[in-house]
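Notes to accompany the following structure.
The values are calculated or read from the model by the stated rules, or taken from the named source; none is laboratory data. Given the structure is predicted, the values throughout are model-derived calculations rather than measurements. Using ideal geometry, Cβ is built from the backbone for each residue, glycine included, and neighbour counts are taken over all protein chains shown. Each accessible area value is taken on the protein alone, full model and side chains, heavy atoms only, with ligands, DNA and RNA left out. Shrake-Rupley method; radii C 1.70, N 1.55, O 1.52, S 1.80 Å.
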Amino acid sequence: MVGFGLVYGAWCCLLEFSGNGDFIVGDLAIDGSNGVVSRVQIHPQGQAAAAAAPIAVFLGVTGISFAAFPLSEIFPLALAQALASGAAGAFLVDRIIRKQLGHLLVKASSTQPEPKENATHSKNIGLLSDFAGPKGTQLEIVYGVFGYMQILSACFMSFAHGGNDVSNAIGPLAAALSILHGGASGTDIVIPLDVLAWGGFGIVAGLMVWGYRVIATIGKKITELTPTRGFAAEFAAASVVLVASKLGLPISATHTLVGAVMGVGFARGLNSVRVETVREIVVSWAVTIPVGAIFAVLYTWIFTKLLSYIL
């Protein structure tokens with residue numbers, strides 16, 4: 001649900017506030033003074049996306065670096081390191097976009113804008129299902145920009161996944177090893193590096209063997225995803241998981257990402273989400289908790305019996 005809320009907010013934040021007091025979504029203009037749809041305008045969404053991407057990367061990388069990878073406990077040094085990382089990331093993304101999409105940006109700049117339509121709409125803007133988006137070259141640029149941005153959001157999601165879900169699996173093992181070695185109890189548990197390495201190996205091996213099944217379900221079977229929608233879903237889910245990891249809360253990155261993908265679908269309209277797939281996912285969530293508990297009780301009983309016979 002938090003993932004859904006963040007995605008819905010991310011889509012609503014695509015509203016641009018222009019200098020004349022109008023909110024603009026795609027080619028829909030709403031008078032900011034009274035909230036009435038006044039006219040339809042065409043704006044260069046492609047160039048706006050290309051210009052905004054480095055800024056978004058700078059803010060995101062700076063925030064993540066400062067929160068998760070501070071090189072120093074001294075605030076000015078940590079802030080300087082975060083700002084330098086953000087600037088480097090923004091420069092790199094800007095160079096890649098200009099190099100790979102430069103011909104499209106030039107083409108879009110030389111194209112004459114389409115005539116404005118003096119039409120009045122009374123659509124409900126609670127969900128973004130009725131908004132017209134970019135077309136033609138502008139659409140290619142937007143998808144190209146967010147294609148590169150989605151690589152970063154996927155890395156962000158993988159980092160958040162490793163910081164929470166893998167920790168969920170390593171936690172009991174680290175606690176058991178600490179008890180076996182007579183280590184500290186409570187929250188003072190030292191996790192060996194080889195245990196962390198085994199956790200990383202496990203997540204990579206699982207992705208290679210059966211990961212394609214979950215990838216197909218999330219990527220294709222819930223709702224139709226594009227680079228922009230995929231970026232919104234991944235960034236929203238990763239933000240939630242990373243905050244939870246920082247607070248020490250064990251949550252499921254997969255559940256959060258599913259909620260985020262559903263949020264992207266609902267933002268386009270309630271009929272854009274496949275109800276059958278969502279129903280199967282929700283049932284699996286409800287079933288796995290008691291089934292996992294039952295299997296844990298069964299395995300504990302079996303191992304207790306075996307150890308009693310051996311010892």
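If we scan segment 274-288, do we find a residue that is basic (Lys, Arg), modelled with pLDDT of 90 or more and outside any helix (DSSP H, G or I)? Scanning segment 274-288, I find at least one residue that is basic (Lys, Arg), modelled with pLDDT of 90 or more and outside any helix (DSSP H, G or I), so the answer is yes.
Restricting Ala216, Ala253 to residues that are at pLDDT below 90, under 26 Å from Leu270 (Cα atoms) and open to solvent by less than 20 Å² (accessible area, probe 1.4 Å) narrows the list to Ala253.
The lone criterion from (1) closer than 21 Å to Gly162 by Cα; (2) open to solvent by less than 70 Å² (accessible area, probe 1.4 Å) left unmet by Phe266 is number (1).
Within segment 220-266, which residues are among the β-branched types (Val, Ile, Thr) and in contact (Cβ under 8 Å) with a residue 40 or more places away in the chain? Answer for segment 220-266, where residues must be among the β-branched types (Val, Ile, Thr) and in contact (Cβ under 8 Å) with a residue 40 or more places away in the chain: Ile222, Thr223, Thr226, Thr228, Val240, Val241, Ile251, Thr254, Thr256, Val258, Val261, Val264.
Residues Leu249, Leu242, Leu257: which one is part of a loop (DSSP other than H, G, I, E, B) and either assigned by the TED database to the domain that holds Gly147 or within 15 Å of the chain's Cα centre (by Cα) (or both)? Checking each option against the conditions leaves just Leu249. Before we move on, is Phe159 open to solvent by less than 60 Å² (accessible area, probe 1.4 Å) and within 30 Å of Ala51 (Cα to Cα)? When the stated conditions are applied, Phe159 does not pass them. Pairs under 9 Å by beta carbon, first residue touching a residue at least 12 places away in the same chain (Cβ under 8 Å) in segment 277-293, partner outside any helix (DSSP H, G or I) and not aliphatic (A, V, I, L, M), six or more apart or different chains? Filtered contacts from segment 277-293: Thr277/Thr223; Trp285/Ser252. Where the second residue is open to solvent by 30 Å² or more (accessible area, probe 1.4 Å) and modelled with pLDDT of 80 or more and the first is more than 13 Å from Val190 (Cα to Cα) and among the hydrophobic types (A, V, I, L, M, F, W, C) and lies in segment 159-178, which pairs have Cβ atoms under 6 Å and are six or more apart or on separate chains? That search, which allows pairs on different chains as well, returns Ala160/Leu242; Val166/Ile203.
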